[in-house]
Amino acid sequence: MTKCWEFSGKAVLLGFIFVCGLSGCVTTIENPKPKRDKHEALEANIKLGMTYLQQDKREGAMRSFSKALALDKKSAEAYLGLGLLHQMNGELEEAEANFKKALRNRADFSRASIEFSYGRLLYDQKRLKEAKKMFESAGSDYAYPGRAEALLNAGLCALKLGDAVRAKAAFEHSLNLNDRLSQASLELADVAFSERDYASSKRYLDQFASLTRQVPRSLWLGIRIERIFGNKDKEASYALALKNLYPYSQEYLDYKRFVEQN
């Protein structure tokens, strides 16, 4: 059935938004330039730190985020960057501490990008109820560009927690927001198959295949769907692809057992 959604290091910056705080944007008649210069330096260091993270230049990222915090010790973006950096380093306690600081320092603005990143950390630690709460909150922010991904992950948490109804609703909402989110299509194909809604399962699986390359899980699901519909040629095509592309996968072993038993 459903496998854990893998998060890559390159995905750590998904949906990150630079939000300008009111206190950082307001200038005064008495002394506008220093305040503007400070804000520009703060934003520049945060952006540079995020660029360093994307390039896996972790020492540079640490320097940039530290400089940002020296300019503004309440910078939520800087704490978020440090959280992502510590997470990449496997320093989970430090990552969580910084995500919590980021959340505390962003009360007047959208916290969705922080909640999403914190949710990933919690998910990786199998703290599913906490992770689901973060993903649900991020997904409820209408202005957040990563809503579809947040809802997808909320669905994955719900599925692992045994709440199939909520999982299905989250996957459907996710796909409605972004019809090119292949993972949501595959999850819905799997859910529909478990509900014996084979027509919907095939439709979602075809949508998945139109968006990305086949994976062992999708090929194995395709084999079972086509067998139910009696499409022997299509079943054989899926089986051949599974054998040739993923001969050492668990799905291929499951398929061989399936053939032996039938």
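The values are calculated or read from the model by the stated rules, or taken from the named source; none is laboratory data. Note that the coordinates shown come from a computational prediction; the quantities given were computed from them, not determined experimentally. Don't worry about glycine lacking a Cβ; one is built from the backbone with ideal geometry, like all the others, and counts go over all protein chains shown.
Residues that are surrounded by fewer than 24 Cβ atoms within 10 Å (Cβ to Cβ), within 13 Å of the chain's Cα centre (by Cα) and of a type in the set (A, V, I, L, M) within the stretch 130-153 comprise just one, Ala148.
Would the stretch 119-129 turn up any residue that is in a helix (DSSP H, G or I), crowded, with 16+ Cβ neighbours inside 10 Å and more than 11 Å from the chain's Cα centre (by Cα)?
yes
Reported count of residues in the stretch 92-107, each being in a loop (DSSP other than H, G, I, E, B) and either within 13 Å of Gln125 (Cβ to Cβ) or touching a residue at least 12 places away in the same chain (Cβ under 8 Å) (or both), is 2. Among the residues of the stretch 143-165, those that are over 18 Å from Ser110 (Cα atoms) and of a type outside the set (Gly, Ala, Ser) comprise Leu152, Asn153, Leu156, Cys157, Leu159, Lys160, Leu161, Asp163, Val165. Determine whether Arg104 is surrounded by 21 or more Cβ atoms within 10 Å (Cβ to Cβ) and under 22 Å from Ser66 (Cα atoms). Against the criterion (surrounded by 21 or more Cβ atoms within 10 Å (Cβ to Cβ) and under 22 Å from Ser66 (Cα atoms)), Arg104 does not qualify. Every test in (1) within 29 Å of Asp179 (Cα to Cα); (2) in contact (Cβ under 8 Å) with a residue 12 or more places away in the chain is passed by Tyr255 save one, and that test is (1). In the set Ala192, Ala239, Ala184, only one residue is without any contact (Cβ under 8 Å) to a residue 60 or more places away in the chain and more than 30 Å from Tyr144 (Cβ to Cβ); that residue is Ala239. Residues in the stretch 186-232 that are among the charged types (D, E, K, R), closer than 21 Å to Tyr248 by Cβ and not in a helix (DSSP H, G or I): Arg213 alone. Here is a check on your reading of the model: is Leu177 of a type outside the set (S, T, N, Q), modelled with pLDDT of 95 or more and under 27 Å from Glu251 (Cα atoms)? Against the criterion (of a type outside the set (S, T, N, Q), modelled with pLDDT of 95 or more and under 27 Å from Glu251 (Cα atoms)), Leu177 does not qualify.
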